[in-house]
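Q: Here it is, the structure in full.
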Amino acid sequence: MFKAGFCYVFGPDDLETALPRLAALGYDGVEFWDDLLTEVDRRRGINYLADLLRHSGLSCAQICPYFDFVDGPESWEKSIQVGERYLRWAITLGRPLIRVFTGKLWGESIVGSANATEEQWDAAIRGIQHLCDLAAPHGVRLALECHRGSLMDQSDSTLRLLQGVNRLNLGVNLQVPLEGEASWYSLERLGRYTVHVHAHNWVVRSGRIELTFLADGELNYPRFLRRLMGFGFDGYVSIEHPDHGGRHDPWETAEVEGRYLTALKRELACQVSTPCCG
């Protein structure tokens, strides 16, 4: 069965109250991004966060650095140093996934799969191999996040990177929709490699995608997760961007999606158990 996760968007000063509140809403784990982790480490040390998680009953689902393997030797070496630091943090935090990007996500110099040179592909593969090899003895896995502005902007390019790196402790953080792809196509191509999901749903208004609650968007989430579980998925379905572009308060989203994911876990468990729960 999948686990319910939440991408932490509150401040470091809120951790002591926010983590127990998220646990009470039904979440199994929390995902942390670089700005929060760096600030916590500067102020109190990562052991402080590990203690808060333990007392709240939550796990750390994923930690999210930013790597840049494709913009030359200097950024490549810096990315390795970032990876080494994140590996130390991962060990302290209970061995969550470490999220992987390949380069800058925004701006004029982004390197996607369509414009990457063979040298950039090779640099990304070598960098990720190096991090996987550092992490493997510690039981830590890495996850390629599917995202525009990276080499993982399409299913085929993600598969190319997975196959090029060729490490057992590398999987996919699936975030649909991918560029120019139907979500169901992406799922069929990447489902068997998926170890984490950044959960979004959306509606299209006036030609623009607007994020919304999982139950209210165009993607049939029960069907999507049922199919993903058919590939053996048992990782985190992690609620990302809970403010929906400023349309909802993050705590409102946390409450709505906590209830939804709890009910969905029960529904999907009923469909694979006999007799069904009442």
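Listed here are the residues, each with its yes/no results for (1) over 30 Å from Asp122 (Cα atoms); (2) in contact (Cβ under 8 Å) with a residue 12 or more places away in the chain; (3) under 16 Å from the mean Cα position of the chain (by Cα); (4) surrounded by 21 or more Cβ atoms within 10 Å (Cβ to Cβ).
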{"position": "Leu15", "(1), (2), (3), (4)": "yes, yes, no, yes"}
{"position": "Asp41", "(1), (2), (3), (4)": "yes, yes, no, no"}
{"position": "Ala50", "(1), (2), (3), (4)": "yes, yes, no, no"}
{"position": "Gln62", "(1), (2), (3), (4)": "no, yes, yes, yes"}
{"position": "Tyr66", "(1), (2), (3), (4)": "no, yes, yes, no"}
{"position": "Gly72", "(1), (2), (3), (4)": "no, no, no, no"}
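Q: How about segment 204-218: which of its residues are surrounded by fewer than 18 Cβ atoms within 10 Å (Cβ to Cβ), among the hydrophobic types (A, V, I, L, M, F, W, C) and either under 20 Å from Asp153 (Cβ atoms) or modelled with pLDDT under 95 (or both)?
A: Val204, Ile209, listed by residue number.
Q: Name the one entry in Asp28, Asp13 that is of a type in the set (Asp, Glu) and in contact with a Gly (Cβ under 7 Å, 6 or more places away or on another chain). Spell out how you get there, then give the answer.
A: On the way: Asp13 fails: in contact with a Gly (Cβ under 7 Å, 6 or more places away or on another chain).
The conditions single out Asp28.
Q: Name the single residue, out of those in segment 178-201 being assigned to a strand (DSSP E or B), out of contact with any Asp or Glu (no Cβ under 6 Å at 6 or more places or on another chain) and of a type outside the set (A, V, I, L, M), that is nearest to His241 (Cα to Cα). Steps first, please.
A: Within segment 178-201, the first condition is being assigned to a strand (DSSP E or B), and the residues that meet it are 194-199, 201.
Adding the requirement that they be out of contact with any Asp or Glu (no Cβ under 6 Å at 6 or more places or on another chain) leaves 194-197, 199, 201.
The next check asks that each one be of a type outside the set (A, V, I, L, M); those that pass are 194, 196, 201.
Values: Thr194: 20, His196: 16, Asn201: 11 Å.
Checked segment 178-201; the qualifying residue nearest to His241 (Cα to Cα) is Asn201.
Q: With (1) within 16 Å of the chain's Cα centre (by Cα); (2) at pLDDT 95 or above as the list, and Phe224 as the residue in question, which single condition is left unmet?
A: The one condition Phe224 does not meet is (1).
Q: Does Tyr236 fit the bill of being touching a Lys or Arg at 6+ places or on another chain (Cβ under 6 Å) and either more than 23 Å from Met152 (Cα to Cα) or among the hydroxyl-bearing types (Ser, Thr, Tyr) (or both)?
A: Working: touching a Lys or Arg at 6+ places or on another chain (Cβ under 6 Å): yes; either more than 23 Å from Met152 (Cα to Cα) or among the hydroxyl-bearing types (Ser, Thr, Tyr) (or both): yes.
Answer is yes for this residue.
The values are calculated or read from the model by the stated rules, or taken from the named source; none is laboratory data. In this text the structure is predicted, and so the values were computed from the model without any measurement. Note that we place each Cβ from the backbone using ideal geometry, even for glycine, and neighbour counts take in every protein chain shown.
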